[in-house]
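In what follows, a single structure is set out as structure tokens and then discussed.
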Amino acid sequence: MDDYQKIVSKVIQWYRANARDLPWRRSKNPYYIWLSEIMLQQTRVEAVKPYFERFIQACPNIEALACADEETLLKLWEGLGYYSRVRNLQKAATTVVQEYGGNLPPDYHALRKLKGIGPYTAGAVASIAFSLPYAAVDGNVLRVMSRLTADSRDITLASTKTAWEEDLVLMMPKGEEGTFTQAFMELGATVCLPNGMPKCQVCPIREECQAYRKDAVLQYPIKSPKKQRTKEYLSVFFLAEGKKIALCKRGEKGLLGGLWELPNCTQEQALPAALRDWGIVCGEIRDMKTQKHIFTHIEWHINCYFVHVKQNENKGFLWLDKETVEKEFALPSAFKKTWLEGCNILEE
Ligand code: SF4
């Protein structure tokens, strides 16, 4: 444990001197910490900064978030992806208003019960905002610990993560729980980088690092190979009737559930049949660029078409001009490039 105390104090000292100035670090507001941690899931820090600033301007506190209109929230989130995150934020905010008077509870187990808050986010909020001894173990922290101890356990296993959560709590210095959490996250995010790129030369714990001493940094962390993604093949349509463009809403369940999209069908379905089913008689059809979009477990391979609508008996779609869509509707990034290309064609 002595060794660990030395390591922890070096990492904390390093953090104090090198921490990046991030908008959510300028206060200990639990709402800011929660929001930033949710935004940072699957998204880079630099990309999150402007989203964070805009979001807290529009929803400066949890009560405002609970009362916000869903379309407004989706628009604020547009480009961050994984829209269920913002929907869960709002559900959790409603619970916080109803049960805790609009303030996040300073209790790990109560935080865990809120929609969208898993062990990592609860650990981050509990330790950073409330100085409680709970660990927040993400990929960055797992990588650092795995290299530091030359740990041969597979970091994709829940049991490895749980074991590190328990060990990190034991290493946390009393009164510095939040700094400890942020310091290890920061070391993983800026120095102990993934993919063969760690900056060991500037690492504060180089001397203690087992992987570095064994000259085996690139062998850690141990990770079992990812499962292959399922491939889906879609045809996506930019349907234009004059200046009006068709949007439709996805079903509530499943991938991108309840979000707006460009009309689409599987590539197994013949194009004329799909258009006929929607009540569309088309004029010119133009091929657009094919697209590929990668989700966590699925990848979409998309053929895209610009369709001049000649006759329109469609009942299910919204027909909107470009400005209204861009101002008021959040379109998932899987459709964004096709949207932009279609708008350019429309203006030719
Ligand atoms: S010495 Fe290198 S591998 Fe070890 S913790 Fe530091 S950056 Fe990571």
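The values are calculated or read from the model by the stated rules, or taken from the named source; none is laboratory data. Quick caveat: nothing in here was measured; it's all calculated off a predicted structure. We place every Cβ from the backbone using ideal geometry, glycine too, and count neighbours over all the protein chains shown. For accessibility, only protein heavy atoms count, side chains too; no ligands or nucleic acids. Shrake-Rupley method; radii C 1.70, N 1.55, O 1.52, S 1.80 Å.
Annotations for the structure displayed:
- Note on segment 238-264: among residues that are part of a strand (DSSP E or B) and in contact with a Ser or Thr (Cβ under 9 Å, 6 or more places away or on another chain), the one that is farthest from the ligand (Cβ to nearest atom) is Phe238.
- Enumeration of residues in segment 191-207 that are at pLDDT below 95 and surrounded by 15 or more Cβ atoms within 10 Å (Cβ to Cβ): Pro198
- Count of segment 187-213 residues which are within 8 Å of the ligand (Cβ to nearest atom), in contact with a Leu (Cβ under 7 Å, 6 or more places away or on another chain) and over 14 Å from Ala150 (Cβ atoms): 1
- Among the candidates Glu53, Glu46, residue that is modelled with pLDDT of 95 or more and part of a helix (DSSP H, G or I): Glu53
- Being among the acidic types (Asp, Glu), more than 16 Å from the ligand (Cβ to nearest atom) and modelled with pLDDT of 95 or more is a condition met by no residue of segment 267-284.
- Members of segment 8-24 that are open to solvent by 60 Å² or more (accessible area, probe 1.4 Å) and within 22 Å of Arg44 (Cβ to Cβ): Asn18, Arg20, Asp21
- Within the set Phe184, Phe238, the sole residue that is more than 23 Å from the chain's Cα centre (by Cα), surrounded by 16 or more Cβ atoms within 10 Å (Cβ to Cβ) and modelled with pLDDT of 95 or more turns out to be Phe238.
- Of all residues in segment 190-204, those that are under 14 Å from Ala19 (Cα atoms) have Cβ atoms under 6 Å from Cβ atoms of residues that are surrounded by fewer than 14 Cβ atoms within 10 Å (Cβ to Cβ) and not hydrophobic (A, V, I, L, M, F, W, C), 6 or more apart or on another chain, in Val191/Lys199.
- Of everything in segment 279-302 that is open to solvent by 50 Å² or more (accessible area, probe 1.4 Å) and not basic (Lys, Arg), the residue that is nearest to Gln42 (Cα to Cα) is Thr296.
- Within the set Lys227, Lys231, Lys249, Lys214, the sole residue that is open to solvent by 20 Å² or more (accessible area, probe 1.4 Å) and more than 27 Å from the chain's Cα centre (by Cα) turns out to be Lys214.
Residue-by-condition table, conditions (1) open to solvent by 10 Å² or more (accessible area, probe 1.4 Å); (2) under 22 Å from Arg26 (Cα atoms); (3) within 16 Å of the ligand (Cβ to nearest atom):
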residue: Ser131; (1), (2), (3): yes, yes, no
residue: Val144; (1), (2), (3): no, no, yes
residue: Lys161; (1), (2), (3): yes, no, no
residue: Glu166; (1), (2), (3): yes, no, no
residue: Gly175; (1), (2), (3): yes, yes, no
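- The conditions of being crowded, with 20+ Cβ neighbours inside 10 Å and not assigned by TED's automatic domain parsing to the domain that holds Cys265 are met by Ala135.
- Subset tally (residues that are assigned to a helix (DSSP H, G or I) and either more than 10 Å from the ligand (Cβ to nearest atom) or among the β-branched types (Val, Ile, Thr) (or both)) for segment 214-230: 2
- Residue-level check: of (1) touching a strand residue (DSSP E or B) at 6+ places or on another chain (Cβ under 6 Å); (2) closer than 20 Å to Glu78 by Cα; (3) open to solvent by less than 20 Å² (accessible area, probe 1.4 Å), Cys265 misses just (2).
- Test: Leu271 is open to solvent by less than 50 Å² (accessible area, probe 1.4 Å) and touching a residue at least 60 places away in the same chain (Cβ under 8 Å): no
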